[in-house]
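Undergrad: Next up is a structure, given as structure tokens.
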Amino acid sequence: MHHLRSLLPLTLAGTATAAVLHMPAKRQIPIPQSTLMNFTNIADPFVFNVVDLAGDGEVIYVANITVDGQSYEVQLDTGSADLWLNTQNITLSPAANDTNISVTVQYGDMTAATGDVFVAPAQFGNYSIPSQAFINAPGSNATSDNDLGLLGLSSKNISEVHTTLACKNNTGGLPVLYNIFAANPSLPNYFSFLLSRSNLGVTDGGIFSVGEVDPNWSAVLNQTQIPVVSQLEQWISVMDGVVVDGKNFSGHGLLSKVKGVSDSVKNKTLSLLDSGTSLGIMPQYYWDAVYKDVPGIKALDAKNGVWQLPCDTRKNVSMTFNGTVYPLNPLDLTRVNNLGNFSDGTNQTICVNTFQPADEASQGLDFILGDSFMRNVYAVFNFGNWTNTTEGAAPPYIQLLPTTNQDAAWSSFNDSNNARIQQWTDLQGQFNLTNDGPPTSTVARRRSVRRVSVDASDEEIAEAAARTHEYWSS
């Protein structure tokens with residue numbers, strides 16, 4: 001989840017129409033002699049798939065991008081803006097120009113992507129980009145199983161490449177989507193995600209589109225426009241609150257702690273929609289509302305926010321934006337894991353929380369809503385005046401169409417939950433896996449969120465949120 005930039009004339013391969021993609025799933029179980037179930041649709045120009053890191057619901061969503069004639073499977077990340085590629089064992093051609101400018105993208109778990117910024121021809125879906133900047137990061141330890149990099153989908157102003165090159169008067173570092181929109185001014189400057197699941201609780205495909213929405217889900221364009229706090233330069237919006245089993249919870253976030261914040265926003269929270277985070281983060285106040293009173297809950301690794309819950313834990317939880325309620329499937333509150341060894345009979349199938357308690361105020365926000373939330377909506381991310389420099393262009397915003405029917409999800413929970421547990425048990429037993437320690441969290445793999453500026457104060461962030469709210473309320 002981080003950063004990139006360039007003002008180069010671009011051309012579109014073929015016609016300047018958007019591509020809407022229906023994806024079958026790719027689910028990977030990374031174990032010795034692993035079985036790969038790959039149902040990739042070769043007609044899909046983005047080859048948008050989902051990879052399950054360990055069969056435990058900590059998934060990443062990936063697509064293919066071709067750079068310098070080589071195809072790379074990269075994670076799609078709304079929390080960042082850079083394109084970096086693990087080019088280990090790949091020889092770049094003379095067409096890939098080395099700027100001799102080195103950039104590092106650092107992650108919360110101390111993994112990193114480091115290397116020189118290169119510029120080379122690229123192809124993303126149907127779109128051809130003659131000069132795309134990327135970080136050449138051979139051997140990066142920030143890749144997950146079988147993916148070879150990351151493609152950021154956020155504002156250029158959080159791009160390490162953009163920032164670094166701009167300081168050296170180099171204007172060749174725009175992110176991928178910026179280049180596509182610049183080359184195709186008639187193309188609506190948004191992209192969309194639909195991260196779907198099977199009734200086994202395992203994501204079985206979805207939709208990723210640029211400049212268009214799937215006709216079957218066109219109602220998303222009629223949904224309320226959720227304002228993005230554009231000064232924060234990420235897909236961070238103002239959230240009303242959380243509903244847990246019919247009870248409303250609000251406030252207790254960064255905005256409520258700043259003196260002088262207007263009443264219109266003081267009880268709201270700042271939320272980042274982040275496709276690059278498999279799970280989610282929420283303030284302790286909200287985490288307690290969701291999980292604390294679950295019968296039988298116990299800490300496995302409290303320091304890192306990992307708690308064991310009964311696998312039949314079922315609660316109605318919703319997020320509220322602009323007065324619209326977005327229900328979560330109860331399956332998305334837990335994920336299946338195991339302790340012990342299948343070979344000696346000490347294995348134990350358990351369930352742990354998907355949302356972790358953490359104070360993210362130091363990063364300028366309260367919630368990180370990752371894939372565990374995003375699987376419940378069809379999301380449109382509109383860049384607004386981030387990419388549209390026309391005078392009077394609206395600021396960026398998000399539109400969300402609920403895809404989870406709360407009543408139906410509640411009534412089908414037992415069958416769906418039992419099926420996913422059985423599937424997990426069968427798969428883990430098949431490969432005789434061992435896990436002697438408690439489950440870990442990949443939330444730390446996300447890149448640290450960057451504030452408005454390095455020295456931005458809570459007051460500045462609160463003021464930006466208030467201005468955004470007032471603009472959209474007028």
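Undergrad: Name the residues in the stretch 138-179 that are buried (at least 24 other Cβ atoms within 10 Å of the Cβ) and of a type in the set (D, E, K, R), would you?
TA: Within the stretch 138-179, 156, 160 meet the criteria.
Undergrad: Next question, about the same structure. Of the residues 274, 263, 245, 301, only one is more than 21 Å from the chain's Cα centre (by Cα) and closer than 30 Å to residue 107 by Cβ; which?
TA: That would be 301, the only listed residue that is more than 21 Å from the chain's Cα centre (by Cα) and closer than 30 Å to residue 107 by Cβ.
Undergrad: Can you tell me which residues in the stretch 83-108 are at pLDDT 95 or above, within 23 Å of residue 235 (Cα to Cα) and not aliphatic (A, V, I, L, M)?
TA: 84, the sole residue that qualifies.
Undergrad: If you go through the stretch 186-195 one residue at a time, do you hit one that is touching a residue at least 12 places away in the same chain (Cβ under 8 Å), surrounded by fewer than 19 Cβ atoms within 10 Å (Cβ to Cβ), outside the structural domain of residue 422 (by TED's automatic domain parsing) and among the aliphatic types (A, V, I, L, M)?
TA: yes
Undergrad: Taking interchain pairs and intrachain pairs at least six residues apart, which have beta carbon atoms under 7 angstrom, with the first residue in the stretch 310-325 and under 30 Å from residue 473 (Cα atoms) and in the same structural domain as residue 407 (by TED's automatic domain parsing) and the second part of a loop (DSSP other than H, G, I, E, B) and among the hydrophobic types (A, V, I, L, M, F, W, C)?
TA: 317/328; 318/328
Undergrad: Can you tell me which residues in the stretch 126-137 are surrounded by fewer than 24 Cβ atoms within 10 Å (Cβ to Cβ) and closer than 15 Å to residue 63 by Cβ?
TA: To start, the set of residues in the stretch 126-137 that are surrounded by fewer than 24 Cβ atoms within 10 Å (Cβ to Cβ) comprises 126, 128, 130-131.
Once the filter is applied, which keeps residues that are surrounded by fewer than 24 Cβ atoms within 10 Å (Cβ to Cβ) and closer than 15 Å to residue 63 by Cβ, the stretch 126-137 yields only 126.
Undergrad: Let me ask something else. Restricting attention to the stretch 382-397, does a residue exist that is crowded, with 18+ Cβ neighbours inside 10 Å and in contact with a Leu (Cβ under 7 Å, 6 or more places away or on another chain)?
TA: Within the stretch 382-397 (the criterion being crowded, with 18+ Cβ neighbours inside 10 Å and in contact with a Leu (Cβ under 7 Å, 6 or more places away or on another chain)), the answer is no, since none of the residues qualifies.
Undergrad: Inspect the stretch 358-377 for any residue being in contact with a strand residue (DSSP E or B) (Cβ under 7 Å, 6 or more places away or on another chain), at pLDDT 90 or above and of a type in the set (S, T, N, Q) and give the result as yes or no.
TA: Yes, the stretch 358-377 contains a residue that is in contact with a strand residue (DSSP E or B) (Cβ under 7 Å, 6 or more places away or on another chain), at pLDDT 90 or above and of a type in the set (S, T, N, Q).
Undergrad: Would you be able to say whether some residue in the stretch 410-422 is under 30 Å from residue 210 (Cα atoms) and either assigned by TED's automatic domain parsing to the domain that holds residue 230 or assigned to a helix (DSSP H, G or I) (or both)?
TA: Residues of the stretch 410-422 that are under 30 Å from residue 210 (Cα atoms), as a first pass: none.
No, the stretch 410-422 has no match at all.
Undergrad: Restricting to strands (runs of 3 or more DSSP E) lying wholly in the stretch 65-181: which have 3 or more residues that are touching a Ser or Thr at 6+ places or on another chain (Cβ under 7 Å) and polar (S, T, N, Q)? Spell out the reasoning first.
TA: Values: elements: 70-77, 83-85, 97-106, 112-124, 127-136, 149-152.
Because the criterion is at least 3 residues that are touching a Ser or Thr at 6+ places or on another chain (Cβ under 7 Å) and polar (S, T, N, Q), the strands (runs of 3 or more DSSP E) in the stretch 65-181 that meet it are 127-136.
Undergrad: Suppose the filter is among the small types (Gly, Ala, Ser), touching a Pro at 6+ places or on another chain (Cβ under 8 Å) and surrounded by fewer than 21 Cβ atoms within 10 Å (Cβ to Cβ); does residue 318 pass it?
TA: Values: among the small types (Gly, Ala, Ser): yes; touching a Pro at 6+ places or on another chain (Cβ under 8 Å): yes; surrounded by fewer than 21 Cβ atoms within 10 Å (Cβ to Cβ): yes.
Criteria met by residue 318.
Undergrad: Let me ask something else about it. Would you confirm, using the coordinates I've provided, whether residue 237 is polar (S, T, N, Q), at pLDDT below 95, touching a strand residue (DSSP E or B) at 6+ places or on another chain (Cβ under 8 Å) and closer than 22 Å to residue 385 by Cα?
TA: On the way: polar (S, T, N, Q): yes; at pLDDT below 95: no; touching a strand residue (DSSP E or B) at 6+ places or on another chain (Cβ under 8 Å): yes; closer than 22 Å to residue 385 by Cα: yes.
So residue 237 does not fit the description; no.
The values are calculated or read from the model by the stated rules, or taken from the named source; none is laboratory data. None of the values given here were measured: they were computed from a predicted structure. Backbone-built Cβ (ideal geometry, glycine too); neighbour counts: all protein chains shown.
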